[in-house]
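Data first, discussion second: the structure below is written as structure tokens.
All of the numbers you see were taken from the coordinates with simple rules; none came from a lab. Source: prediction; values computed, not measured. Note that we place each Cβ from the backbone using ideal geometry, even for glycine, and neighbour counts take in every protein chain shown.
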Ligand code: SF4
């Protein structure tokens with residue numbers, strides 16, 4: 001059965017399934033996408049806890065599934081070390097990074113532009129170079145205020161399907177999966193972070209919103225880096 005864009009009440013969907021059913025649903029979504037797109041289905045791995053789950057699920061579907069990591073000059077040393085270990089274990093993960101010069105502390109003066117240059121541009125490059133027709137993400141609808149309107153299967157960019165196979169999982173279920181399936185995670189989480197990004201833009205957060213520690217003190221607080229909101233194919237002026 002072909003993957004079709006969904007239009008569901010994801011909150012109700014999530015509330016109606018237990019942990020084991022969500023795992024099976026996510027595996028089935030990835031399996032169907034892989035059957036349809038083969039090597040043109042590629043997993044975006046941010047090295048965060050959610051990506052670790054999606055990557056592990058994808059490897060259950062097929063060890064051949066490819067992925068990419070986007071890193072920046074501002075990632076914490078712990079994340080860089082975790083990335084090296086992950087890539088050594090999974091050489092089918094390609095790393096993309098934009099080293100072009102940018103203004104000093106652009107993350108303070110214009111974080112949207114900083115993310116556009118350091119995160120969105122390398123993702124666009126990965127999608128083009130890896131000939132991606134379907135990209136798989138670790139996005140979840142309960143992560144924060146900007147993530148409530150997504151669907152499991154979307155098509156925002158022409159010729160590019162986006163699969164969010166763990167969209168309806170909650171934070172506890174992510175940690176439940178990582179513990180039960182013994183999936184390694186970035187040790188940085190031990191410090192109390194709930195959502196990891198670049199060092200200058202990530203703080204330990206409290207309260208209900210998992211992403212509230214991102215971009216504190218800027219207009220972008222708790223928001224998005226742009227990979228889920230900016231065009232990933234076609235012309236786009238950074
Ligand atoms: S998260 Fe911060 S440092 Fe990283 S690319 Fe975005 S604005 Fe720049």
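Quick notes on this structure:
- Paramagnetic reach from residue 88 in the range 33-49 [backbone N under 19 Å; point 7 Å along Cα→Cβ]: 47-48
- Distance (nanometres) between label positions extended 7 Å along Cα→Cβ at residue 27 and residue 189: 2.0
- Fully extending the segment from residue 131 to residue 204, taken as 0.36 nm per residue of separation minus the present Cα-Cα distance, adds 22.6 nm.
- In the elastic network of the chain, a GNM with C-alpha springs shorter than 10 Å, the most mobile of 58, 179, 33 is 179.
- Just so you know, the averaged projected area of the alpha carbon convex hull for the chain sits at 12.4 nm².
- In terms of its C-alpha gyration tensor, the range 96-214 has an oblate overall shape, because the principal axis ratio a/c (a ≥ b ≥ c, square roots of the eigenvalues) is not below 1.5 and a/b does not outweigh b/c.
- Most mobile of 63, 205, 46 in a GNM of the chain (Cα contacts under 10 Å): 63
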